[in-house]
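Please read the structure below before turning to the comments.
We did not get these values from a lab; they are worked out from the coordinates using the rules stated. These numbers come from a predicted model, not from an experiment. Backbone-built Cβ (ideal geometry, glycine too); neighbour counts: all protein chains shown.
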Amino acid sequence: MAIVIDGKAVAAELRDGICKEVAMLKEKSGKVPGLAVVLVGENPASQVYVRMKRKGCEEVGIASYQHLLHAETSQEALLSLINKLNASPDVNGILVQLPLPSHIDERAIINAIDPRKDVDGFHPVNVGKVVIGDEDCFYPCTPFGCQVLINRHVNDLKGKHLVIVGRSNIVGKPLANMMVQKNKMANCVVTVCHTAAQDIAYYTRQADVLVVAAGKQNTVRGNMVKEGAVVIDVGVNRIADPDDPSKTILVGDVNFDEVSKVASAITPVPGGVGPMTIAMLLSNTLKAFKLQNRRA
């Protein structure tokens, strides 16, 4: 049976390190990193994520600035707020919770964020820096969390075949660009496969490390995984509880019961990649603070 990778424990360890570093910065300079989170509308899932991010900030001593806007907020009003946050010396990181209401152009909003404060790692400047391997950038939080978990369970990634199922701008593409870089946390041979592949299993069976971010339950079954592979399941799918259809449960994109019998290590859902995402957001905010003060 595979080792079950405890994302909660790793995230807690990372938060503890961030907390200690923030405390030292406060003692030295009297300042702490600040994260502004902007939520437009009342999407229930987004509201939960925003609360979790605020709680994460409080736990490590990062200042949290929440901006909760009505769903009818105009694009111009949102851009005006972002400009104010860009100019604020107290705000080191800006995160606009997605998705946005349909009348707002998400790309225009992302592009308006100062790349030095883009702790989500979605601005084209940061995307470009990831591609060329510039370390003064912000990695998107979910793939960054995946990278950290992979490194905890693979001693030497050099030349390992990493296969990613999914090509989203949030996970698949950035992770591919991160893991192909020539550095100690990457240096993999990377394959990205997706819905255009006639036989996804042909690729997944080759993987030393398999990351699944397809957004569909049971995308990967046990017979699609090489013996001893490390499997990172990014999927979050809400389904009816087989034991009680009146309730729902969360499952990933990987059939955990089958794949855990073949893999050497695997992330569960929930409790795997999810907790890492907020930990990496806090890490990015701390990094933004240090980069901005270094350049000041």
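Across q = 0.20 Å⁻¹, the stretch 120-211 modelled as identical point scatterers on its alpha-carbon atoms has Debye log10 I(q)/I(0) values of -0.93, in the order of the q list. The residues packed around Q75, meaning those with a beta-carbon under 12 Å from its beta-carbon, carry a net charge of -3 if Lys and Arg are +1 and Asp and Glu are -1. Summing +1 for each Lys or Arg and -1 for each Asp or Glu among the other residues whose beta-carbon sits under 13 angstrom from that of H161 gives +3.
Residue-wise HN-Hα couplings along the stretch 77-87, as the Karplus relation 6.51 cos²θ - 1.76 cosθ + 1.60 with θ = phi - 60° gives them from phi, are 5, 5, 5, 5, 5, 4, 4, 5, 5, 4, 8 Hz; Gly and Pro carry x. Extent of the stretch 141-273 along its three principal axes (Cα atoms, max minus min coordinate, largest first): 49, 29, 28 Å. Looking at the chain alone, DSSP beta bridges between its own residues are antiparallel in about 15 percent of cases. In straight-distance terms, cross-link reach from K20 covers every one of the lysines whose alpha-carbon lies under 27 Å from its own, apart from those fewer than eight places away in the same chain; here that gives K8, K28, K31, K53, K55, K117, K184, K287, K290.
Over the stretch 51-127, the hull volume per residue, using the convex hull of the C-alpha atoms, is 95 Å³.
Within the stretch 78-99, what residues put their amide N at less than 15 Å from the label point 7 Å along the Cα-to-Cβ vector of A108? Zone members listed by number: 78-83.
Our compactness index for the stretch 1-142, the C-alpha radius of gyration over the empirical 2.2 N^0.38 Å, is 1.13. Could you run the Karplus curve 6.51 cos²θ - 1.76 cosθ + 1.60 with θ = phi - 60° over the stretch 109-119 and give me ³J(HN,Hα) per residue in whole Hz, x for Gly and Pro? Listing the rounded values in order: 5, 4, 5, 7, 6, 4, x, 6, 10, 7, 6 Hz.
Report, in whole Å, the centroid distance computed from the Cα atoms of the stretch 217-296 and the stretch 112-129. Taking the Cα centre of the stretch 112-129 as reference, the centre of the stretch 217-296 is 24 Å away.
Helices in the chain, meaning DSSP H runs of at least 4 residues, each add -39500 (n - 2.57). Divided by all residues, the mean residue ellipticity at 222 nm is -13000 deg cm²/dmol. For the chain, the longest principal axis of the Cα atoms and the long axis of helix 141-153 meet at an angle of about 50 degrees. The label point for Y202 and the one for M24, both projected 7 Å from the Cα toward the Cβ, are 5.1 nm apart. Taking GluC sites (Glu not before Pro) as exposed when their DSSP state is a loop state and no more than 15 other Cβ atoms lie within 10 Å, the longest site-free interval of the chain runs over 136-226. Within a straight-line Cα-Cα reach of under 16 Å, K226 can be paired with the following lysines, leaving aside sequence neighbours fewer than 8 residues apart in one chain: K160, K261. The loop-placed trypsin sites (Lys or Arg not before Pro) in the stretch 175-244, going by DSSP, that have at most 15 neighbouring Cβ atoms within 10 Å of their Cβ come out as K182, K184, K216, R221. Taking only the C-alpha atoms of the chain, the Rg (one decimal) and the largest Cα-Cα distance, Dmax (whole number), read 19.4, 58 Å.
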